[in-house]
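Peer 1: Starting off with a structure, shown below.
Laboratory data are not the source of any read-out in this text; all were calculated from the coordinates shown. This one's a predicted model, so the numbers in the text were calculated from it and none came from an experiment. Using ideal geometry, Cβ is built from the backbone for each residue, glycine included, and neighbour counts are taken over all protein chains shown.
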Amino acid sequence: GNLLYAGRADDQVEIRGYGIELGGVSAVLNKCPGIKDCFIAIKDESKSKKFIMAYYISKNALEENYIRDYMKNHLPHYMIPSYFIKMESFPLTVNGKVDAKSLPDTKTNPEGTNSKSVMNGTEQKLLKIWKEVLNNQEITIFDNFFECGGDSILSIQICSLAKKENLLITSKNIFEKQSIEELAKVVELTGDVTIDQSDVFGKAPFTPIQSWFFT
């Protein structure tokens, strides 16, 4: 009459409250034109900080943006890998399976797929702000804001600091465009704002709450 729970038979994981089937991510990436093989893994830096890592072998040279765009057209945003790392081959265990422990992490990525040698001015300003607010100097313009520890409160801080740099963005923009690369495309540039500090004259009627005290 006792039930012994041995564990899950699938490879579902939970990231930021979303249940994600890694096999589903792998199946989509394998269908991407130019991809020869792939392996999806989880980088677990802490209990609340997990990343989806995509390791792939391509038939020819592929731009990371091309792969990301393909994934975005076929998967919800929370299933998009944070990092895409190109491999010549996968390290294998003695049983012939992919040795996940021997795969490179984002800091030792030999292809540098998450770097961009030339950034425009908006991307440079946003990257500086993100590094300051998120307290992480290794952030790239491709990193996901929320997977780097961001939240709604920090998004407000970013909007405030961006405004000082004459960049107009909202928290909604950050929720919809979760990387600097995407966010920079919707940023509005503003000029210096001069606020009139002279005295204001005229009637100042009671607010509804103030009026209530005199009724």
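Peer 1: Using 0.36 nm times the number of residues separating Y66 and V186, minus their current alpha carbon distance, what extension gain do you get? Walk me through the intermediate numbers first.
Peer 2: Values: separation 120, 0.36 × 120 = 43.20 nm, distance 1.95 nm.
So the extension gain works out to 41.3 nm.
Peer 1: Rounded to two decimals, what is the ratio between the C-alpha radius of gyration of the chain and 2.2 N^0.38 Å?
Peer 2: Working: Rg = 23.3 Å, N = 215, 2.2 N^0.38 = 16.9 Å.
Against the empirical 2.2 N^0.38 Å value, I get 1.38 for the chain.
Peer 1: A follow-up question, please. I want the antiparallel fraction of DSSP beta bridges within the chain, as a percent rounded to 5.
Peer 2: On the way: 17 of 21 bridges.
The antiparallel proportion sits near 80 percent.
Peer 1: Pop the C-beta distance of L4 and N120 into the FRET formula with R0 = 41 Å and round what comes out to the nearest 0.05.
Peer 2: Values: r = 58 Å, r/R0 = 1.41.
Calculated transfer efficiency: 0.10.
Peer 1: If amide hydrogens are placed 1.01 Å from N in the peptide plane, which non-local residues have theirs closer than 5 Å to the one on I42?
Peer 2: It is M53, by chain and number.
Peer 1: Between N135 and E14, how high is the FRET efficiency from 1/(1 + (r/R0)^6) when r is the Cβ-Cβ distance and R₀ = 30 Å? Nearest 0.05. Could the numbers behind the result be given before it?
Peer 2: Working: r = 25 Å, r/R0 = 0.82.
The calculated FRET efficiency here is 0.75.
Peer 1: K31 versus I209, label points 7 Å from Cα toward the beta carbon: distance in nm?
Peer 2: Reported label-point gap for K31 and I209 is 5.4 nm.
Peer 1: A follow-up question, please. Under the Karplus relation 6.51 cos²θ - 1.76 cosθ + 1.60, θ = phi - 60°, what is the ordered set of whole-Hz ³J(HN,Hα) values for the stretch 133-145, x standing for Gly and Pro?
Peer 2: Coupling constants for the stretch 133-145: 5, 8, 6, 9, 7, 9, 5, 10, 6, 9, 6, 7, 4 Hz.
Peer 1: OK, next. What ³J(HN,Hα) values, in whole Hz, does the Karplus curve 6.51 cos²θ - 1.76 cosθ + 1.60 give for the stretch 200-207 when θ = phi - 60°, with x put for Gly and Pro?
Peer 2: Values, residue by residue: 10, 10, x, 6, 10, x, 4, 6 Hz.
Peer 1: Right, here's the next one. Relative to the longest principal Cα axis of the chain, at what angle does helix 152-164 sit, 0 to 90 degrees, rounded to 10?
Peer 2: Value to nearest ten degrees: 60.
Peer 1: Between S198 and I156, what's the calculated FRET efficiency when r is the beta-carbon distance and R0 is 35 Å? Round to 0.05.
Peer 2: On the way: r = 30 Å, r/R0 = 0.85.
The value I calculate is 0.70.
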